[in-house]
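The values are calculated or read from the model by the stated rules, or taken from the named source; none is laboratory data. Please read these numbers as outputs of a predicted model, since none were measured by experiment. In this analysis, Cβ positions are derived from the backbone assuming ideal geometry, glycine residues included, and neighbour counts consider all displayed protein chains.
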Amino acid sequence: MAIHTVCFVLFRVLLLASFVELKAIRQHAVEWDHQERLFSNLTNKGSSYNSRLRPYATRNTAVRVNNSMFIYSMSSIDEIRTDYSMQLLYRQTWNDERLVFTPDSTVQKIVGDNWHVQHIWTPSIHAVNDKELGSFASSGPEGTLLLHIYPDGQVLLSKRVKLRPFCEMQFYRYPMDKQQCTLEIESTTLSNTDLELAWSENNPLELNRKFLLSGFELLNYTLENVVASYPKTGNFSRITVRFNLQREFGHFVLDIYIPTVLFVVTSWLSFWIEIPAAPARVTLSMTTMLTLVTSERAVREKLPKVSYVHALDIWNVVCTAFVFASLVEYALVNYIYHKDKRRRKKANGMKRAESTATFCSMDSDTTSALRMFAKKGESEPGMPNKKAASFASLSDMQSVTQVDMSCAWPLNEIKMTPQDIANSIDRKCRYIFPAGFMVFNVIYWLVLWL
């Protein structure tokens with residue numbers, strides 16, 4: 001008995017729900033039919049409505065069209081093509097006194113789609129800097145247009161639009177550059193005396209909550225109402241939105257700056273390799289420079305060919321110059337290091353040079369011994385007494401001093417051999433190159449950040 005009761009209750013509930021749903025469908029059909037008849041009465045041939053004629057044409061008053069947009073996405077900013085893509089919901093509102101009607105209990109507003117839009121007057125507009133023509137056409141794909149007509153004659157037209165506007169870019173500070181991309185919407189057929197485009201006062205531009213711009217950060221935007229002048233056709237109303245963008249810098253640090261710094265630092269390792277190890281030093285410097293040049297070319301291919309130098313070019317040129325300078329430094333020290341060997345091969349009087357070097361290389365003890373012999377009047381073993389006695393005179397003592405002084409200059413030169421000079425240059429470059437690169441980095445980043 002209880003089961004039969006439960007089944008009966010469920011049956012009545014389902015029957016009641018079906019009745020309510022059927023009533024709602026019938027009511028909606030009545031409203032829709034009423035809207036269609038009302039719209040036909042306003043726009044059919046029997047009425048005075050002309051879809052080719054703008055509102056207020058007989059009053060010589062310009063139609064004010066308020067514009068607003070909801071941006072779903074803005075992406076694919078292409079530096080090579082200098083454009084970007086965006087998808088948005090574009091809304092226009094204006095007043096058409098010919099569409100005024102009296103509301104009743106069934107119809108508070110007329111809701112339409114593409115078919116209804118084709119039977120009323122709509123503003124003819126276009127995106128000036130859009131590469132794809134016809135984006136704002138009144139006859140869009142099915143489901144992309146929505147029309148609302150209110151009793152006071154106010155018309156709301158909403159359409160889904162996909163644009164690819166041109167964006168003029170400047171790359172002087174690339175990759176820390178800021179770009180300003182614009183979207184310009186202008187009247188196509190009616191001049192500013194007939195049609196006035198303006199941004200809506202309330203929420204003229206809205207962004208999707210999940211709005212994300214790949215590769216850039218949207219800093220802010222500005223809205224403008226301007227008039228575009230053409231010498232032969234006249235003045236046309238135009239609205240403009242300017243997006244101020246800043247390039248995201250993080251991935252450039254990982255992809256470009258850190259690798260190039262490592263290449264430059266690697267080239268400095270040659271200063272710690274012995275000078276005679278020519279294959280090791282040359283191979284290290286050449287490999288580093290070729291790798292650096294190859295990576296720079298890959299980065300350059302991602303940018304348009306511009307006639308000016310941007311910040312990344314300066315960075316690449318200086319890094320390449322440091323690597324090349326390390327290679328030139330090795331060529332210099334290698335030349336100095338083997339200078340003595342080349343000189344000995346070309347010398348004709350090698351024995352004479354050796355004897356002179358032997359005489360002049362006498363140390364201070366030997367010179368002191370000669371002076372002691374002269375003071376005591378004794379002759380140096382193997383030397384005549386007459387010549388030994390001559391050292392006692394003051395003039396001879398001065399001559400000995402002059403001999404000592406004349407030998408002092410070659411002694412000083414011999415103390416710094418070409419090998420010592422080359423090794424000294426290598427040791428100094430271990431500090432000069434890093435210091436110079438650090439100074440360049442300080443100046444480079446200060447200029448970019450300021």
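Considering (1) within 25 Å of Val318 (Cβ to Cβ); (2) in contact with a Pro (Cβ under 9 Å, 6 or more places away or on another chain), say which one Val241 fails and leave the rest.
(1)
Okay, residues lined up against (1) at pLDDT below 90; (2) touching a Gly at 6+ places or on another chain (Cβ under 7 Å); (3) of a type in the set (Phe, Trp, Tyr):
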{"residue": "Ser393", "(1), (2), (3)": "yes, no, no"}
{"residue": "Asp396", "(1), (2), (3)": "yes, no, no"}
{"residue": "Gln402", "(1), (2), (3)": "yes, no, no"}
{"residue": "Pro410", "(1), (2), (3)": "yes, no, no"}
{"residue": "Ile414", "(1), (2), (3)": "yes, no, no"}
{"residue": "Gln419", "(1), (2), (3)": "yes, no, no"}
{"residue": "Tyr431", "(1), (2), (3)": "no, no, yes"}
{"residue": "Met438", "(1), (2), (3)": "no, no, no"}
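May I ask you to say which residue of Asp113, Asp78 is under 19 Å from Asp33 (Cα atoms) and modelled with pLDDT under 90? Break it down into steps so the answer makes sense when it comes.
On the way: Asp78 fails: under 19 Å from Asp33 (Cα atoms).
Result of the check over Asp113, Asp78: Asp113.
So if I check each of Ser48, Ser135, Ser40, Ser73, which one is in a loop (DSSP other than H, G, I, E, B), farther than 25 Å from Phe236 by Cα and of a type in the set (Gly, Ala, Ser)? Talk me through it step by step, then tell me what you get.
Working: Ser135 fails: farther than 25 Å from Phe236 by Cα; Ser40 fails: in a loop (DSSP other than H, G, I, E, B); Ser73 fails: in a loop (DSSP other than H, G, I, E, B).
Exactly one of Ser48, Ser135, Ser40, Ser73 is in a loop (DSSP other than H, G, I, E, B), farther than 25 Å from Phe236 by Cα and of a type in the set (Gly, Ala, Ser), namely Ser48.
Could you list, in sequence order, the residues of segment 278-319 that are part of a helix (DSSP H, G or I) and small (Gly, Ala, Ser)? Reasoning before the result, please.
Step one: list which residues in segment 278-319 are part of a helix (DSSP H, G or I), which gives 278-300, 311-319.
Listed by number, the residues that qualify are Ala278, Ala280, Ser285, Ser295, Ala298, Ala311.
So which of Arg54, Arg64, Arg81 is in contact (Cβ under 8 Å) with a residue 40 or more places away in the chain, closer than 24 Å to Ser135 by Cα and assigned to a loop (DSSP other than H, G, I, E, B)?
On the way: Arg64 fails: assigned to a loop (DSSP other than H, G, I, E, B); Arg81 fails: in contact (Cβ under 8 Å) with a residue 40 or more places away in the chain.
It is Arg54.
Exactly one condition in (1) touching an Asp or Glu at 6+ places or on another chain (Cβ under 7 Å); (2) at positive phi is false for Thr240; which is it?
Only one criterion in (1) touching an Asp or Glu at 6+ places or on another chain (Cβ under 7 Å); (2) at positive phi is unmet by Thr240, namely (2).
Looking at Ile275, is it surrounded by 16 or more Cβ atoms within 10 Å (Cβ to Cβ), outside any helix (DSSP H, G or I) and not hydroxyl-bearing (Ser, Thr, Tyr)?
Values: surrounded by 16 or more Cβ atoms within 10 Å (Cβ to Cβ): yes; outside any helix (DSSP H, G or I): yes; not hydroxyl-bearing (Ser, Thr, Tyr): yes.
Yes; evaluated as a whole, the condition is true for this residue.
With the requirement that a residue be at pLDDT below 95 and closer than 23 Å to Thr82 by Cα, what does segment 184-218 give you?
Once the filter is applied, which keeps residues that are at pLDDT below 95 and closer than 23 Å to Thr82 by Cα, segment 184-218 yields Leu207, Phe211, Leu212, Leu213, Ser214, Gly215, Phe216, Glu217, Leu218.
Which numbered condition trips up Ala321, out of (1) modelled with pLDDT of 90 or more; (2) among the small types (Gly, Ala, Ser); (3) loosely packed, with under 11 Cβ neighbours inside 10 Å?
Evaluating Ala321 over (1) modelled with pLDDT of 90 or more; (2) among the small types (Gly, Ala, Ser); (3) loosely packed, with under 11 Cβ neighbours inside 10 Å leaves (3) as the failure.
Can you pull out every residue in segment 104-122 that is out of contact with any Leu (no Cβ under 8 Å at 6 or more places or on another chain) and either in a loop (DSSP other than H, G, I, E, B) or crowded, with 19+ Cβ neighbours inside 10 Å (or both)? Give the derivation first.
At the first step, the residues of segment 104-122 found to be out of contact with any Leu (no Cβ under 8 Å at 6 or more places or on another chain) are 104-106, 108-109, 115, 118-119.
Asp104, Ser105, Thr106, Gln108, Lys109, Gln118, His119, listed by residue number.
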